[in-house]
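These notes are about the structure you will find just below.
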Amino acid sequence: MSERDMSMGSPGKTNGTVPWQDDCRDGVRNVRDLDRLPLSPQERAAAEAAAAIHKIRAPKSYLDLIDWDNAADPIRLQVIPSPEELEFDEGELVDPIADHAFSPIPRLTHRHADRVLLYPTYQCAVYCRFCFRKESLTSIGRGYSREALEAAFAYIESHPEIREVILTGGDPLSLPDKALAEIRARVEAIEHVRLLRIHTRVPVVLPSRVTDEMVAALQGRLMVTVVTHFNHAREITPATEQACRILRHAGFVLLNQTVLLKGVNDTVDVLEELCRELMYRLGVKPYYLHHGDLARGMAHRRTTIADGQALVRELRARLSGICNPVYVLDLPEGGGKVPINPSYAEAQDGSTWQFRGHDGKLRTYAEIVREP
Ligand SMILES: *Cc1c(COP(=O)(O)O)cnc(C)c1O
Ligand code: SF4
């Protein structure tokens, strides 16, 4: 398969809106295409320089969500390069969560015994400015081929402890249906694998790509979970709603991960609306809220952990349990994702605890257990 994954597939297959191939073609695919957009001279200059570090791409329908009169539009900030992206701080990392150190085989990361990340492509429908994998996407950059994944499949076959295969990348749903069917068939032939997980921004940024043919390519023996990546309620539209409906009706479990981004979604009102609408309108359970990792040139988008915890505490008070994500930090050096939700326990004296309730009052809980 060629490097240009997004150009593959039969034209005309769509979920009812503009054919997705047109949506990609009419969007931004490189720096030159930015000329069509009403950017500031500063943004244009930054884009030229930033493109060398992280490619530029966004479908037209996603760009159409931007209010160009607002320099701080939350969708604009996710896809249009800013000059600050070029400012690297001491301590930032090329590979923030050590995907490479835990990669025994090309295109695969194995950090937790029972699950692996598999990278069928290093290309995406959109290039998010904050992506923690941006340096791999730039330096590796390759698309899908069956041969490129064969060693990774052999590795999974020889590790019976692996139960979940997580397709990530790059964006797996940027691949043609034929490639998805091939990958799904290869994974489900490995008997010990139970669940196929797909981490994707396609339902958000290119919802017309989600079609009945696509879900058919993914259906088979395995339980399928699609983990979407919505960062703002403004990304929830009739088209994304339709894409999620197709995925839900296919019987897939839908979860969402959000990256906490300063200036984009770091207020409790924005997160509340996002999490509420994800669950109630899209049927997508908020799974993780990721604290900003140490990707280079992203200091301007990171909040402090204390600020994140204050947001999450208020969110928990406002929204039901199913609408609440877990706030996590993916530790450097491959330490894994650790929950960093605020603690409600304020003191412990033997078996007596003090907890702060949602009403702000401290309450005592004395443990009563029967000793064996
Ligand atoms: C995030 C991640 C996973 C998935 O973790 P969950 O907590 O199960 O969602 C698996 N492997 C690696 C290497 C990861 O970074
Ligand atoms: S779609 Fe995912 S992998 Fe691709 S640039 Fe965005 S965050 Fe990174």
Name the residues in the stretch 347-372 that are in a strand (DSSP E or B), more than 33 Å from the chain's Cα centre (by Cα) and either aliphatic (A, V, I, L, M) or surrounded by 11 or more Cβ atoms within 10 Å (Cβ to Cβ) (or both), would you?
Ala347, Gln348, Thr352, Trp353, Gln354, Phe355, Leu362, Arg363, Tyr365, Ala366
Contacts under 6 angstrom Cβ, first residue in the stretch 283-300 being without any contact (Cβ under 8 Å) to a residue 40 or more places away in the chain, partner aromatic (Phe, Trp, Tyr) and buried (at least 19 other Cβ atoms within 10 Å of the Cβ), 6 or more apart
Leu289/Tyr327
Glu161 being more than 16 Å from Leu222 (Cβ to Cβ) and within 16 Å of ligand 2 (Cβ to nearest atom):
no
Out of Ser174, Ser136, which single residue is closer than 30 Å to Pro81 by Cα and away from ligand 1 (no atom under 16 Å from the Cβ)?
Ser174
Exactly one of Ile340, Ile305 is closer than 30 Å to His110 by Cα, among the hydrophobic types (A, V, I, L, M, F, W, C) and touching a residue at least 40 places away in the same chain (Cβ under 8 Å), and that residue is Ile340
The condition of being in the same structural domain as Val187 (by TED's automatic domain parsing) and away from ligand 2 (no atom under 16 Å from the Cβ) holds, among Arg133, Arg115, only for Arg115
Contact list, first residue from the stretch 314-333 and more than 12 Å from His358 (Cα to Cα) and aromatic (Phe, Trp, Tyr), second anywhere and outside any strand (DSSP E or B) and within 16 Å of ligand 1 (Cβ to nearest atom), beta-carbon distance below 8 Å, six or more apart or interchain, is Tyr327/Leu260; Tyr327/His291; Tyr327/Ile340; Tyr327/Asn341
Verdict on Ala98 being within 10 Å of ligand 1 (Cβ to nearest atom) and assigned to a loop (DSSP other than H, G, I, E, B)
yes
Would you check if there is a residue in the stretch 184-191 being within 28 Å of Val79 (Cβ to Cβ) and either touching a Leu at 6+ places or on another chain (Cβ under 6 Å) or among the aromatic types (Phe, Trp, Tyr) (or both)?
no
Single residue of the stretch 253-264 satisfying the filter (touching a residue at least 40 places away in the same chain (Cβ under 8 Å) and not hydroxyl-bearing (Ser, Thr, Tyr)) that is surrounded by the fewest Cβ atoms within 10 Å (Cβ to Cβ):
Gly263
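For every residue, the table says whether it meets (1) at pLDDT below 95; (2) crowded, with 17+ Cβ neighbours inside 10 Å; (3) more than 22 Å from Arg197 (Cα to Cα).
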position	(1), (2), (3)
Asp266	no, yes, yes
Leu278	no, yes, no
Tyr288	no, yes, no
His291	no, yes, no
Leu294	yes, yes, yes
Val312	no, yes, yes
Leu319	no, yes, yes
Pro332	yes, no, yes
Return the only residue of Val328, Val270 being over 16 Å from the mean Cα position of the chain (by Cα) and closer than 23 Å to Leu77 by Cα.
Val270
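The values are calculated or read from the model by the stated rules, or taken from the named source; none is laboratory data. Fair warning: this is a prediction, and the values are worked out from it, not measured in the lab. No Cβ is skipped: glycine too gets one built from the backbone with ideal geometry, and neighbour counts run over all protein chains shown.
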